[in-house]
């Protein structure tokens, strides 16, 4: 069984990696400078030195491509998804440098100002996958992170340290996919759903209505047994 097929394969196995056997001096300099993004791009041009894996084991945890993770880079924490797991191997021995290729998530604080009005309907636990790709060392991984679809998040009982996503955000074009206008709507205001906002259920149209749209507070609706929204009353 090869290392690629071994579910308990641990890239590096604690060995110090050097690029002495590589013909490209740039690889060694990039590794020393910890410029892993450029190192990854350059290594792509030397596929004979690169192995690709579907999963890796780090600190007794198995991580797979497609999973979401918490990472720590230069004392800053980010949430990302694993796009690819590679190992840049020495040409003459088994020494190697394991890298995890990630795509970063962002939250609503990183969204362009043109979406200021829509941000009210983006949740505090909402993440948007971006096109921002980076290469990190395996030891930058802190833990796995649970990122659910909006529908699954609504049904999930324990929401502490759990996130949801419903769109991709391109940080360069500042566009969502799907567009905000295509997100599932709620209330007669037809704004996107936000699990953080308080709602009251209308017994006539069978929709959840924003308290803000009705001019109500949470205290005012606590003892309401039956509610008809303003829109239905006006029909």
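Pick from 85, 136: which is surrounded by 13 or more Cβ atoms within 10 Å (Cβ to Cβ), in contact with a helix residue (DSSP H, G or I) (Cβ under 7 Å, 6 or more places away or on another chain) and at negative phi? It would help to see each step written out before you state the result.
Values: 85 fails: in contact with a helix residue (DSSP H, G or I) (Cβ under 7 Å, 6 or more places away or on another chain).
Selected residue: 136, the only one of 85, 136 that is surrounded by 13 or more Cβ atoms within 10 Å (Cβ to Cβ), in contact with a helix residue (DSSP H, G or I) (Cβ under 7 Å, 6 or more places away or on another chain) and at negative phi.
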(Q) Among the residues that make up region 173-196, is at least one of them modelled with pLDDT of 95 or more, in contact with a strand residue (DSSP E or B) (Cβ under 8 Å, 6 or more places away or on another chain) and closer than 14 Å to residue 81 by Cβ? (A) no
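Being assigned to a strand (DSSP E or B) and closer than 15 Å to residue 101 by Cα is the filter here, so list the residues in region 59-75 that pass it. Give the derivation first.
In the first step, residues of region 59-75 are kept if they are assigned to a strand (DSSP E or B); the result is 61-64, 68-73.
Matches in region 59-75: 63, 64, 68, 69, 70, 71, 72, 73.
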The residue that is nearest to residue 173 (Cα to Cα), considering only those in region 117-154 that are in a helix (DSSP H, G or I) and touching a strand residue (DSSP E or B) at 6+ places or on another chain (Cβ under 6 Å), is 121
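Suppose we filter region 184-206 for residues that are without any contact (Cβ under 8 Å) to a residue 60 or more places away in the chain and buried (at least 16 other Cβ atoms within 10 Å of the Cβ); how many remain? Please lay out each step first, then the result.
Taking region 184-206 and keeping what is without any contact (Cβ under 8 Å) to a residue 60 or more places away in the chain, we get 184-190, 198-206.
Among the residues that remain, those that are also buried (at least 16 other Cβ atoms within 10 Å of the Cβ) are: 186-188, 199-200, 202.
Final tally of qualifying residues: 6.
For residues that are touching a strand residue (DSSP E or B) at 6+ places or on another chain (Cβ under 9 Å) and not in a strand (DSSP E or B), scanning just region 76-97, find the one that is modelled with the highest pLDDT.
Only one residue tops the list, namely 95.
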If we ask which residues in region 155-182 are within 22 Å of residue 207 (Cα to Cα), in a loop (DSSP other than H, G, I, E, B) and in contact (Cβ under 8 Å) with a residue 24 or more places away in the chain, their number turns out to be 1
If we ask which residues in region 186-235 are under 26 Å from residue 127 (Cα atoms), outside any strand (DSSP E or B) and in contact with a helix residue (DSSP H, G or I) (Cβ under 6 Å, 6 or more places away or on another chain), their number turns out to be 5
Say whether the condition of being surrounded by 15 or more Cβ atoms within 10 Å (Cβ to Cβ), within 14 Å of the chain's Cα centre (by Cα) and under 29 Å from residue 40 (Cβ atoms) is met by at least one residue in region 158-165. yes
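The values are calculated or read from the model by the stated rules, or taken from the named source; none is laboratory data. Being a predicted model, the structure only gives us computed values, none of them experimental. Backbone-built Cβ (ideal geometry, glycine too); neighbour counts: all protein chains shown.
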